[in-house]
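Everything on this sheet refers to the single structure shown next.
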Amino acid sequence: MKNETNTSRLRSRQKWADVQDAFFATLRAYARLGELSTVAAIVNDDEAPKNNTLGPGSLSLDFKVDLERLTTKTLEGDKPAQQAWFALLAGETVEPALAKDVIRRCGEAYIEAGLPTYFAPKIRRGRGESRAAA
């Protein structure tokens, strides 16, 4: 019985770590989009890398739109959570219980939608052997 409880706790901790990783990896990717050129309807330079603008067919634009829609849907009607999301994006301090709620809700939604995998094939926390031994 005790072994089952310990295993359950480890799974719960690992799931929370995965949700946190997904949330913050997604936020970092979203923040990097602010560094790109503004939306371009037409790119006349055939040699210009397609990922350097937010334009038609751009993976960056798809990610940005998908993230904004999903976040809006996930936090709909919860003004404090919406404000906390923007504060977390800006790296500001957020009340711990509210931050945990936003991270949990959005992180789980991001994982389900596959958003953390837009730019990275898999978000991992440590080596597999060390996770199993923990």
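Scanning the range 64-79 for residues that are under 17 Å from ILE103 (Cβ atoms) and of a type in the set (A, V, I, L, M) gives LEU67, LEU70, LEU75.
Pairs meeting the criteria (first residue in the range 1-24 and within 24 Å of ASP101 (Cα to Cα) and hydrophobic (A, V, I, L, M, F, W, C), second residue modelled with pLDDT under 85 and not in a helix (DSSP H, G or I), beta carbons under 7 Å, at least 6 apart or on different chains) are LEU10/ALA134; ALA17/ARG125; ALA22/ILE123.
Is there a residue being hydroxyl-bearing (Ser, Thr, Tyr), modelled with pLDDT of 90 or more and more than 16 Å from THR26 (Cβ to Cβ) anywhere in the range 124-131? Full working, then the answer.
We begin by selecting, within the range 124-131, every residue hydroxyl-bearing (Ser, Thr, Tyr); these are 130.
Those left that are additionally modelled with pLDDT of 90 or more: none.
No, the range 124-131 contains no residue that is hydroxyl-bearing (Ser, Thr, Tyr), modelled with pLDDT of 90 or more and more than 16 Å from THR26 (Cβ to Cβ).
Looking across the range 65-82 at every residue that is of a type outside the set (Val, Ile, Thr) and surrounded by 15 or more Cβ atoms within 10 Å (Cβ to Cβ), the one that is nearest to the chain's Cα centre (by Cα) is identified as LEU67.
The values are calculated or read from the model by the stated rules, or taken from the named source; none is laboratory data. Computed from a prediction, not measured in an experiment: that's the story for all the values here. Neighbour counts are summed over all protein chains in view; Cβ atoms, including those assigned to glycine, are modelled from backbone coordinates with ideal geometry.
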